[in-house]
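The values are calculated or read from the model by the stated rules, or taken from the named source; none is laboratory data. Just so it is clear, the structure is predicted and the values come from calculations on it, not from any experiment. Backbone-built Cβ (ideal geometry, glycine too); neighbour counts: all protein chains shown.
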Amino acid sequence: MDAAWYDQQGPAGQVLRVGELPDPRPGPGEVRVRVALSGISPGDTKKRRGWLGSAMPYPRVVPHSDGSGVVDGVGAGVDPARLGERVWVYNAQSYRAFGTAAACTVVPASTAVPLPDAVTDEIGACLGIPGITAHRAVFADGPVEGQTVLVHGALGAVSSLAAQLALRGGATVVSTVRRSTDLQLLAAPLRDRAVGLDGSDPAAAIRSHAPDGVDRVVEVAFSDNLELDLAVTRIGATIAAYATRDPEPTIPFWPMLFDNLTIRLLGSDDFPSEAKQQAATELTAAAAAGELIIPVAEPFPLDAVALAHDQVDADNRRRVLLTLG
């Protein structure tokens, strides 16, 4: 099969290889997916370059955890009726060597999620890491109906989906972007309660939309935004953070304690399996209902995988995909 891989960590153009690998075979409880599109997330490029001193988890890695395609093989214990089923895939390269940057990938049957006819392969390939992280950020602490959720970085892959899922869950959503000139780029349902963080008083602007304070915060820049978050949260709020600029942020312990705040840190590879499955079910339903807007760039061909990785690292606002089908 055609595939991309790396045998050592480093810059994309130096370590990524494209060529032929043997077709994988599904084991018990697994399915093989003929990949149409492979979704690339920042976590994939960080693993490749050895971010934070991470080492090669396997001698050879076929990258990318997300994708979409068609089941073309089943292992023992899997219903043969799944053959020919359109699916989207998550966690393909989570604690596994071979992900979706290949013509075929083998995954546990539970992580190949049926993809409704109304949902394109492009959207399916974008649901995995960002969608499940977004769902966990919003719903890990229970339903949000009737609550106010502040979502930072709402043009990013995770936060954009978090804002849309929170709206779907019945929350009032206040979203932020780094620059006020970018407010017009938000999806229409988010523009009415949106704030540019470069304004003169973003806390007051957020409070104008949430005078009683926000119940939950979805945070992409924990170290940078913590002071702002403390200025707009109500007692008992939760800050769910999936990224930070400063890897060792300091926190004002006593003010946070007196406000009974909860800090939830989100590492997507190790979410509980039941949480991932619930997220997958609800993401699929939202996509089928046409309630998810996901900007997608023109897919890269497999032989341009290094360029695709560089595009992800350039902080592109559109999801980056590889085409394999």
Restricting segment 14-30 to residues that are touching a helix residue (DSSP H, G or I) at 6+ places or on another chain (Cβ under 7 Å) and farther than 30 Å from Leu307 by Cβ, which is surrounded by the most Cβ atoms within 10 Å (Cβ to Cβ)?
Glu30
Being part of a loop (DSSP other than H, G, I, E, B) and crowded, with 21+ Cβ neighbours inside 10 Å: is that true of Gly153 here?
yes
Inside segment 66-91, can you point out the residues that are farther than 23 Å from His135 by Cα, touching a strand residue (DSSP E or B) at 6+ places or on another chain (Cβ under 8 Å) and not in a strand (DSSP E or B)?
Gly75, Val78, Pro80, Arg82, Leu83, Gly84, Glu85
Kindly check whether there is at least one residue in segment 134-148 that is in a strand (DSSP E or B) and either of a type in the set (Lys, Arg) or buried (at least 19 other Cβ atoms within 10 Å of the Cβ) (or both).
yes
Please state which of the following conditions Gln277 fails to meet, knowing it meets all the rest: (1) touching a His at 6+ places or on another chain (Cβ under 8 Å); (2) outside the structural domain of Thr172 (by TED's automatic domain parsing).
(1)
Those residues of segment 252-268 which are of a type in the set (A, V, I, L, M) and either surrounded by 14 or more Cβ atoms within 10 Å (Cβ to Cβ) or at pLDDT below 95 (or both), in sequence order:
Met256, Leu261, Ile263, Leu266
Do we find a residue being surrounded by fewer than 18 Cβ atoms within 10 Å (Cβ to Cβ) and of a type in the set (A, V, I, L, M) anywhere in segment 196-211?
yes
Please determine whether any residue of segment 51-66 is under 23 Å from the mean Cα position of the chain (by Cα), touching a residue at least 12 places away in the same chain (Cβ under 8 Å) and on the phi > 0 side of the Ramachandran plot.
yes
For Asp66, all conditions in the list (1) surrounded by fewer than 23 Cβ atoms within 10 Å (Cβ to Cβ); (2) at pLDDT 95 or above; (3) in the same structural domain as His309 (by TED's automatic domain parsing) hold save one; what is the number of the exception?
(1)
Please verify whether segment 308-324 includes one or more residues that are farther than 14 Å from Ile40 by Cα and not acidic (Asp, Glu).
no
Would you mind stating whether Thr105 is among the hydroxyl-bearing types (Ser, Thr, Tyr), under 21 Å from Ala125 (Cα atoms) and surrounded by 23 or more Cβ atoms within 10 Å (Cβ to Cβ)?
yes
Extreme residue, surrounded by the most Cβ atoms within 10 Å (Cβ to Cβ), among residues of segment 277-325 that are acidic (Asp, Glu) and more than 15 Å from the chain's Cα centre (by Cα):
Asp310
